[in-house]
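Novice: Please read through the structure below; I'll follow up with questions.
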Amino acid sequence: MQQINIVISGFTPYEGIDVNPAVLVPAAVAKQWADPAQSQAISEELLQDIAVTVTNVTLPVSFAKAWPTLKETIEATKPNIVIATGLKHAARGVMLERCATNLMDAIKPDADNVIPRREPIDPNGPAAYWTRLPLRSILNDFTDDSIPATLSSDAGTFVCNSLFYNLLNWTATQERVLGGFVSFPPVVP
């Protein structure tokens with residue numbers, strides 16, 4: 001039986017956001033896969049002869065701490081797939097992010113009260129990275145299940161993009177690890 005390890009991350013609650021899907025969705029996905037009855041039903045239906053382990057990690061909304069926290073979980077779990085999630089205020093559905101740019105440009109402070117202005121994430125790194133996840137296939141599956149979703153080429157310039165850039169920078173050095181970023185819309189109570 002083949003083992004697939006997945007890490008899914010979200011961020012701690014944002015200021016002014018009562019319900020953060022980037023906290024709730026990763027926790028729900030990990031919980032569903034942790035329930036042997038649920039994961040067995042999914043495995044039998046979709047993934048014959050494949051065992052899946054999902055690890056959830058909640059990250060601080062911090063330019064300096066988000067990536068090291070995720071990387072620590074990655075090193076401990078040795079995943080095949082890493083999906084980071086965040087909140088995009090302007091989103092009207094799930095947004096599958098295609099690209100991470102080498103730019104931090106915040107208009108509000110992160111959790112450490114840092115407000116970088118037009119700074120590179122990695123001064124020696126490329127201008128951007130593109131995910132290798134099969135986003136069109138994922139989008140088609142979402143459409144088949146009536147999940148409102150779209151492709152996005154802009155993960156912003158706040159902590160989400162910084163995390164995504166660092167993740168793709170890391171996956172570029174790995175042989176068999178895929179990384180991606182999913183932005184969720186705000187939950188309207």
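The values are calculated or read from the model by the stated rules, or taken from the named source; none is laboratory data. Please read these numbers as outputs of a predicted model, since none were measured by experiment. With ideal geometry, Cβ positions are generated from the backbone for all residues, glycine too; neighbour counts draw on all protein chains shown. Keep in mind that these areas ignore ligands, DNA and RNA; they rest on the heavy atoms of the full protein, side chains included. Shrake-Rupley method; radii C 1.70, N 1.55, O 1.52, S 1.80 Å.
Novice: All other residues with a Cβ under 10 Å from the Cβ of L135 taken together, and with Lys, Arg as +1 and Asp, Glu as -1, what is their net charge?
Specialist: Charge balance in the 10 Å sphere: +2.
Novice: If amide H atoms are built 1.01 Å from N in the plane of the peptide, which residues on other chains or at least 5 residues away come under 5 Å of the amide H of L178?
Specialist: So L178 has HN proximity to I81, V82.
Novice: I've got another one for you. Pop out the carbon and sulfur fraction of the accessible area of the stretch 50-189 as a percent, whole number, probe 1.4 Å.
Specialist: That fraction is 54 percent.
Novice: Relative to 2.2 N^0.38 Å, what does the C-alpha radius of gyration of the chain come to as a ratio? Two decimals please.
Specialist: That ratio works out to 1.01.
Novice: Hey, got the dipole for the stretch 96-189? About the Cα centre, +1 on K and R Cβ, -1 on D and E Cβ, debye to the nearest 20?
Specialist: 160
Novice: Could I get the Rg over Rh figure for the stretch 101-189? Both from C-alpha atoms, Rh via Kirkwood, rounded to two places.
Specialist: 1.02
Novice: Provide the solvent-accessible area of S152, counting protein heavy atoms only and rolling a 1.4 Å probe, rounded to the nearest 10 Å².
Specialist: So the heavy atoms of S152 present about 10 Å² to solvent.
Novice: Using helices alone, what [θ] at 222 nm do you get for the chain, with -39,500 (n - 2.57) per DSSP H run of 4 or more residues, divided over all residues and rounded to the nearest 500?
Specialist: -10000 deg cm²/dmol
Novice: If you place +1 on the Cβ of every Lys and Arg and -1 on the Cβ of every Asp and Glu, how big does the dipole about the Cα centre of the chain come out, in debye to the nearest 20?
Specialist: Charge dipole of the chain: 400 debye, to the nearest 20.
Novice: Report the gain in length on full extension from A28 to A51: 0.36 nm times residue separation, minus Cα-Cα distance, nm rounded to one decimal.
Specialist: Taking 0.36 nm per residue and subtracting the Cα distance, the gain is 6.5 nm.
Novice: Got a sec? Charge dipole of the chain, +1 on Cβ for Lys and Arg, -1 for Asp and Glu; which of N5, G179, V52 is way out at the positive end?
Specialist: Going by the charge dipole, the pick is G179.
Novice: Let me ask another. Restricting to Cα pairs below 8 Å that are 6+ residues apart, what does the relative contact order work out to for the chain? Please round to a whole percent.
Specialist: This gives 29 percent for the chain.
Novice: Of M1, M104, which has the most accessible area with a 1.4 Å probe, and how do the rest follow in descending order?
Specialist: I get M1, M104, largest accessible area first.
Novice: Search the structure for amide H atoms under 5 Å from the amide H of V94, placed 1.01 Å from N in the peptide plane, and list their residues when 5 or more places away or on another chain.
Specialist: Sorted by chain and number, the residues that satisfy this are A149, T150.
Novice: For the pair N140 and K71, how long in nm is the line joining their label points, each one 7 Å along Cα→Cβ?
Specialist: 3.6
Novice: Provide the gained length on full extension for the span A128 to K108, in nm with one decimal, where the gain is 0.36 nm per separating residue minus the Cα-Cα distance.
Specialist: Extending this stretch completely gives an extra 4.9 nm.
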